[in-house]
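The values are calculated or read from the model by the stated rules, or taken from the named source; none is laboratory data. From a predicted model like this one, the values you see are computed outputs, not experimental measurements. No Cβ is skipped: glycine too gets one built from the backbone with ideal geometry, and neighbour counts run over all protein chains shown.
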Amino acid sequence: MSKKNSIPKHIAIIMDGNGRWASKRGLDRSKGHLKGYENIKPNVIYAKKIGIKCITLFAFSTENWNRSSKEINFIFDLASKVIYEESKFLNKNKVRIIHLGSIDNLPEKMIDRIKKSEEMTKDNKDFTLAVAFNYGSRDEILRAVNKIIDSRIRSQLSEEDFESFFMTNMLSNPDVVIRTGGEKRLSNFLLWQSAYSELIFFDKFWPDFETHDLDLVIDEYNNRIRNFGS
Ligand code: FPP
């Protein structure tokens, strides 16, 4: 089934290349994360304007714990500040914020801010911004299995039943997964949910991704034929 001029409902983004963006300029990697953060807002505002309903951002993976504590602390402080400072703006713009990932090992202050921003925005229906932070797809699937074991369910599950145990249970599957930074892999991001997503890769680093690139994504999406295996 080919679709012309259709706008994907849900776009998921692997915002890769912040570190390389900074290194290329002789800057500390933290400057790349800062620039990467600053690049989120214009793209989210534009996505909402053109009719996209949900953006999921991969901001910190379960594997990112292997980075230096200096870099981890910087990303945590930045994310904590972002949640605190942007929640009111997002709420005013009818954006619902959802955290995907485990709160295990996250700083208390950050957990508190995540919960408050989710609670404050829970009734917003216009747009959803899902932030995958301390998220890994295998971890999510394993947690779902363990929840099922704990609940002592003994009957066979459908795919829908199984998905209801996922952290993404209130989101539709992404229509498109974008990865910036030149690598062409999913890196443990939404593995189940992206089974039929269109994968679109950019060589440019995330801080260089522009709203114009979102237009290119929409064009490419409309050129793809999605038949879901039929
Ligand atoms: C990937 O680039 C980027 C990250 C691991 C961190 C991204 C986090 C932010 C922009 C903070 C935003 C916070 C919120 C709450 C949305 P990389 O470091 O892997 O780059 P490299 O591949 O060049 O090393």
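Return yes when ILE7 is within 20 Å of the chain's Cα centre (by Cα) and in a loop (DSSP other than H, G, I, E, B) and no when it is not. Judged against the criteria, ILE7 is a match. Out of everything in the range 41-96 that is within 15 Å of the chain's Cα centre (by Cα) and of a type in the set (Ser, Thr, Tyr), what residue ends up being farthest from ASN5 (Cα to Cα)? Out of the qualifying residues, it is THR62.
Residues in the range 141-154 that are in contact with a Ser or Thr (Cβ under 9 Å, 6 or more places away or on another chain) and without any contact (Cβ under 8 Å) to a residue 40 or more places away in the chain: ALA144 alone. Scoring VAL95 on the criteria (1) within 12 Å of the ligand (Cβ to nearest atom); (2) in contact with a Phe, Trp or Tyr (Cβ under 7 Å, 6 or more places away or on another chain); (3) modelled with pLDDT of 95 or more; (4) among the hydrophobic types (A, V, I, L, M, F, W, C) leaves a single failure, condition (1).
Among all positions in the range 54-68, there is at least one residue which is outside any helix (DSSP H, G or I) and aromatic (Phe, Trp, Tyr).
Restricting the range 155-186 to residues that are touching a residue at least 60 places away in the same chain (Cβ under 8 Å) and over 17 Å from ALA130 (Cβ atoms), the residue that is surrounded by the most Cβ atoms within 10 Å (Cβ to Cβ) is THR180. Report the residue count in the range 116-153 for those that are β-branched (Val, Ile, Thr) and under 24 Å from LYS9 (Cβ atoms). Residues in the range 116-153 being β-branched (Val, Ile, Thr) and under 24 Å from LYS9 (Cβ atoms): 4 in total. Can ASN169 be described as out of contact with any strand residue (DSSP E or B) (no Cβ under 9 Å at 6 or more places or on another chain) and of a type in the set (S, T, N, Q)? Yes: the conditions hold for ASN169. The residues in the range 23-45 that are away from the ligand (no atom under 11 Å from the Cβ) and among the small types (Gly, Ala, Ser) can be counted, and the count is 1.
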